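Beneath this line is the structure, given in structure tokens, with notes to follow.
The values are calculated or read from the model by the stated rules, or taken from the named source; none is laboratory data. Keep in mind that what you see is a predicted model, and the values were worked out from it rather than measured. Positions of Cβ are generated from backbone atoms using ideal geometry, with glycine treated the same way; all protein chains shown enter the neighbour counts. For the accessible areas, the whole protein counts, side chains as well, though only heavy atoms, and no ligand, DNA or RNA atoms are used. Shrake-Rupley method; radii C 1.70, N 1.55, O 1.52, S 1.80 Å.
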Amino acid sequence: MAAQLARLPDAELEVMQALWSLGEYPAHTADIAARLNRDWKAPTLLKLLSRLEERGFVRGEKAGRVNLYTPLVEREAYVEEESRSFLERLHGGSLSSLVAALCPDTR
């Protein structure tokens, strides 16, 4: 990956996961809201989508009175970057350290 993706706060990541799960774009705000596990009010969701647009993760467009969104970052690219960053931050890039942490001795 050429450019490093910014790590998303949990709330924004939840919105991206809902958007990615739709699969057809552009997606209506109501469709995104229906995929969320939270009952956020419309202004909260719109603010999160606005932040994602500012960060370059989504493209927003108006169609009359409706807001539509398209992801600009693929889920796989974000997961790959987050995984690489996690491995580097917590295990100094050592895969064996990660595996050891996941499978501690059971003696």
Problem - Residues with amide H under 5 Å from that of VAL58, placed H, sequence gap 5 or more - result: GLU53, LEU72
Completion exercise
A correct Karplus calculation of ³J(HN,Hα) over segment 62-73, with 6.51 cos²θ - 1.76 cosθ + 1.60, θ = phi - 60°, whole Hz and x for Gly and Pro, returns 9, 10, x, 9, 9, 9, 10, 9, 10, x, 9, 10
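When 1/r is averaged over all different Cα pairs and the result inverted, which Kirkwood radius in Å belongs to the chain?
Details: mean 1/r = 0.0645 Å⁻¹.
Its Kirkwood hydrodynamic radius stands at 15.5 Å.
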Practice task
In nm, give the distance between the simple-model label positions of ASP39 and LEU13, each being 7 Å from the Cα along the Cα-to-Cβ direction.
Solution key: 2.6 nm
Practice task
Roll a 1.4 Å probe over the protein heavy atoms and report the accessible area of SER96 in Å², nearest 10.
Solution key: 90 Å²
Completion exercise
Simple SL model, points at 7 angstrom along Cα→Cβ for ARG65 and GLU82; separation in nm is 3.5 nm
Practice task
Starting from the amide H of ALA27, placed 1.01 Å from N in the peptide plane, find each other amide H under 5 Å away whose residue is 5 or more places distant or on another chain.
Solution key: TYR69, THR70
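Quick one: net charge of LEU8's neighbours, Cβ under 11 Å, K/R +1, D/E -1? Write down the numbers at each step before the final one.
Values: positive: ARG7, ARG51, ARG55; negative: ASP10, GLU12, GLU14, GLU81, GLU82.
Net of charged neighbours comes to -2.
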Handout entry: the chain - accessible surface per residue (Å², probe 1.4 Å)
Key = 68 Å²
Practice task
Quick one: grab Rg to one decimal and Dmax as a whole number for segment 24-68, Cα atoms only, in Å.
Solution key: 10.2, 28
Problem - Heavy atoms of ASP10 accessible to a 1.4 Å probe, total area in Å² rounded to 10 - result: 120 Å²
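How much of the accessible area of the chain, in percent, comes from carbon and sulfur atoms when a 1.4 Å probe is used?
On the way: 3670 of 7250 Å².
With neighbouring chains kept in place, the figure for the chain is 51 percent.
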